[in-house]
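Here the structure is laid out as structure tokens; the discussion comes afterwards.
Taken together, the values in this text are just the output of simple stated rules run on the coordinates, not laboratory data. Quantities reported herein were computed from a predicted structural model and do not represent experimental measurements. Please note: Cβ atoms are built from the backbone with ideal geometry, for glycine as well, and neighbour counts cover all protein chains shown.
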Amino acid sequence: MTTFPERVFSGVQPTGNLHLGNYLGAIKKFVALQETHECVYCVVDLHAITVPQDPAELKSTIREVTAAFIAAGIDPKKHIVFNQSQVPEHAELAWVFNCVARMGWLNRMTQFKDKAGKNTENVSVGLFAYPTLMAADILVYRATHVPVGEDQKQHLELSRDIAQKFNNDYAASIAAHGHGDAFFPLPEPLIQGPATRVMSLRDGTKKMSKSDASDYSRLNLSDDRDTIAQKIRKAKTDPEPLPSEADGLKGRPEADNLVGIYAALSGDSRAEVLQRFGGQNFSAFKSALVDVAVASLEPVGSEMKRLLGDVAHLDAVLNDGARRARVLAAETMTAVKDILGFVR
Ligand code: TRP
């Protein structure tokens with residue numbers, strides 16, 4: 001079996017109003033992986049236009065996500081940070097994958113069904129093909145590990161299926177061009193962590209979301225200390241004191257969510273958090289939660305603000321990242337063209 005050097009890739013959609021869910025579900029993990037892996041982190045603007053976008057707003061949300069990456073501690077000199085549309089090989093490989101993936105595979109994607117709803121005749125072709133572009137994002141760097149939220153697991157499986165089918169369909173040509181028995185690795189999702197699904201502060205059964213009408217449902221990266229404190233104090237709870245063991249969180253979605261958030265922010269396990277706070281009422285626990293939340297979010301928010309004050313610098317970071325990403329992506333595309341039998 002061909003072995004592939006470990007490389008991390010992940011993408012985040014450009015969106016304003018970044019919140020704790022984006023931070024714990026993605027960005028914080030990206031930061032940690034820098035210590036052990038070569039990482040490529042991408043703001044996926046091509047994915048954004050699968051649904052309508054306001055051009056002026058898109059431009060600023062691309063910069064906002066870039067600022068969040070850097071403010072959280074991603075080092076764009078040691079690793080690669082860029083926006084997808086600056087590396088044309090993503091779209092180029094996505095076309096090849098459109099010809100590898102089967103209609104039936106894409107028809108099964110639950111995110112498409114959720115996003116399209118009853119409107120399947122009138123959504124963009126791009127929304128349907130979204131997962132093949134995602135596979136191209138990952139595989140154009142022949143990345144082996146992909147930190148994502150639980151909701152992206154199915155897309156990752158599809159990426160593996162595409163890689164596998166390409167490797168099988170072109171096995172003879174892959175071998176003839178000196179790539180052994182596989183050209184693409186089968187990328188693995190990295191999903192673990194105490195708070196991969198951060199829930200609303202107002203309803204522990206709903207995901208924390210930028211589109212929730214109540215700003216009290218989420219902690220935004222841009223919230224200041226007082227806002228963070230106020231939102232946590234008003235967060236929904238139940239009347240019981242905290243349990244001492246994780247079993248006691250069953251059927252208590254709000255308690256479960258707050259404990260998960262504390263654990264993820266502090267780096268302790270849920271068990272450790274419950275050992276410390278078990279038997280106490282929520283007001284004591286919430287004060288401690290305010291402290292860890294302010295300590296980890298407030299510096300990121302204010303650094304983001306500072307970075308967004310210098311758009312020229314942010315754009316230069318993205319341009320430099322794109323230039324370095326392109327070297328890697330172009331190498332893959334050249335090999336893919338040879339494997340496919342294109343004249344170049
Ligand atoms: N679909 C991902 C999301 O909505 C974003 C994304 C695009 C992505 N391309 C990717 C994630 C490649 C990981 C790898 O969160």
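Taking other Cβ atoms within 10 Å as a rough exposure proxy, GLU89, GLU157, GLU331 sort from fewest to most as GLU331, GLU157, GLU89. Value of Rg to Rh for region 155-254, rounded to two decimals, is 1.28; Kirkwood radius and Rg both from alpha-carbon coordinates. Put in line by how crowded their Cβ is, counting other Cβ atoms within 10 Å and starting with the fewest, TRP105, TRP95 read TRP95, TRP105.
In this simple spin-label model, placing a label point 7 Å from the Cα along the Cα-to-Cβ direction at both ASN319 and GLN34 gives a separation of 2.2 nm. Couplings for region 2-10, taken from phi via the Karplus curve 6.51 cos²θ - 1.76 cosθ + 1.60 with θ = phi - 60°, read 4, 10, 10, x, 5, 9, 9, 10, 8 Hz in order; Gly and Pro are left as x.
Which one of THR110, GLY309, GLY73 is farthest out on the positive end of the charge dipole of the chain, using unit charges on Cβ (Lys, Arg +1; Asp, Glu -1) and the Cα centre as origin? Final value for the positive-end residue is THR110. Note on region 298-320 and region 145-184: Cα centroid distance 35 Å, given to the nearest whole angstrom. Taking a ≥ b ≥ c as the square roots of the Cα gyration tensor eigenvalues, region 5-95 comes out oblate, since a/c reaches at least 1.5 and a/b does not exceed b/c. Summing charges over all other residues whose Cβ lies under 15 Å from the Cβ of ALA229, with Lys and Arg as +1 and Asp and Glu as -1, gives 0. Ordering VAL343, VAL96, VAL8 by the number of other Cβ atoms within 10 Å of each residue's own Cβ, fewest first, gives VAL343, VAL96, VAL8.
Backbone amide hydrogens, once placed in the peptide plane, bring LEU18 within less than 5 Å of LEU221, excluding anything fewer than 5 places away on its chain.
Once the chain from ALA175 to LYS305 is taken as fully extended at 0.36 nm per residue, the excess over their C-alpha distance is 41.7 nm.
The magnitude of the dipole of the chain, with charges of +1 and -1 set on the Cβ of Lys/Arg and Asp/Glu and taken from the Cα centre, is near 320 debye. Shown in residue order for region 57-69 are the 3J(HN,Hα) couplings computed by the Karplus curve 6.51 cos²θ - 1.76 cosθ + 1.60 at θ = phi - 60°: 5, 4, 4, 6, 6, 4, 5, 5, 5, 4, 4, 5, 3 Hz (x for Gly and Pro). Of the peptides 212-219, 13-20, the ranking by mean beta-carbon count within 10 Å, highest at the top, reads 13-20, 212-219. The DSSP beta bridges internal to the chain are antiparallel in roughly 10% of cases.
Amide H contacts for GLU188 (H built 1.01 Å from N in the peptide plane; partners 5 or more residues away or on another chain; cut-off under 5 Å): HIS145, VAL146.
Using the Cβ-Cβ distance between ALA335 and GLN53 with R0 = 41 Å, the FRET efficiency computed as 1/(1 + (r/R0)^6) comes to roughly 0.80. Can you give the extra length, in nm with one decimal, that the chain gains between ARG197 and VAL327 once fully stretched, where that is 0.36 nm per residue apart less the Cα-Cα distance? Taking 0.36 nm per residue and subtracting the Cα distance, the gain is 43.3 nm. Judged by the ratio a/c of the largest to the smallest principal axis of the C-alpha gyration tensor, region 233-291 counts as rounded, that ratio being less than 1.5. Computed from phi, the 3J(HN,Hα) profile of region 327-344 under the Karplus parametrisation 6.51, -1.76, 1.60 (θ = phi - 60°) reads 4, 5, 5, 5, 4, 4, 5, 4, 5, 4, 4, 4, 4, 6, x, 7, 7, 9 Hz, with x in place of Gly and Pro.
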